[in-house]
């Protein structure tokens, strides 16, 4: 009897360890299935949505092609992330559903919203007319983003039934910042979630051309100034020394 009990205990122990090992091995599968249930029931991500996924420093922005039991399939598109980070696009990404519990997934088109805020920063020199530059940028942003502004206003009105929204202003915004190399005019506007890069590419040269037409607005860029002199003064020769040299030159003529 005791021998039988010992054998049963041994078998139970083995089964316990085996079950624990299988559970650990299949943890990601189970979590992916649970993630699929959360995605389907909550509607946080749907086929056709544009999402951004960040994992271990890798960023991908694309459109959702399929949501299966274990993974989300997206097709990468040409976006600002492609321009600044990846320098390649068009790839197909397979994202395990369990990522929704541990990774950052941004949805650009959640709940019928089809617009996002995008920004353009243009530095101008300190002696430029920054107030005029602000007005120029604001006028251009209003002209090109008006349609998206009207669309967003309607979309946000619908979203108020589901979310408590604050700061729902939709008009373009222009900010001014003082940086080391000049004054930065930062313009923000609403654009199509699926074509943000296109509108940015359209407005950027428009702003540059408008600035170039003004005599009192100059685009800034990093420069260096090198002073060569024969004095120990790090800031250059003193004013008195320069005047004395000029007087000596005049007297010798």
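Computed from the coordinates by the stated procedures, all read-outs in this text should not be read as laboratory data. These numbers come from a predicted model, not from an experiment. Neighbour counts are summed over all protein chains in view; Cβ atoms, including those assigned to glycine, are modelled from backbone coordinates with ideal geometry.
Which shape class applies to the stretch 24-106: rounded if a/c is under 1.5, otherwise prolate when a/b exceeds b/c and oblate if not, where a ≥ b ≥ c are the square roots of the Cα gyration tensor eigenvalues? Present the calculation step by step, with values, prior to reporting the outcome.
On the way: a/c = 2.28, a/b = 1.66, b/c = 1.38.
Cα axes put the stretch 24-106 in the prolate bin.
In nm, to one decimal, how far is the residue 106 label point from the residue 135 one, both placed 7 Å along Cα→Cβ?
In this crude label model, residue 106 to residue 135 measures out at 3.4 nm.
With a Cα-only, solvent-free Debye model of the stretch 111-212, what are the log10 I(q)/I(0) values at q = 0.15, 0.16 Å⁻¹?
Normalising to I(0) and taking log10 leaves -0.64, -0.71.
Taking a ≥ b ≥ c as the square roots of the Cα gyration tensor eigenvalues, with a/c under 1.5 meaning rounded and otherwise prolate when a/b beats b/c, else oblate, which class fits the stretch 66-156? Write down the numbers at each step before the final one.
Details: a/c = 3.11, a/b = 1.90, b/c = 1.64.
Since a/c reaches 1.5 and a/b is larger than b/c, the shape of the stretch 66-156 is classed as prolate.
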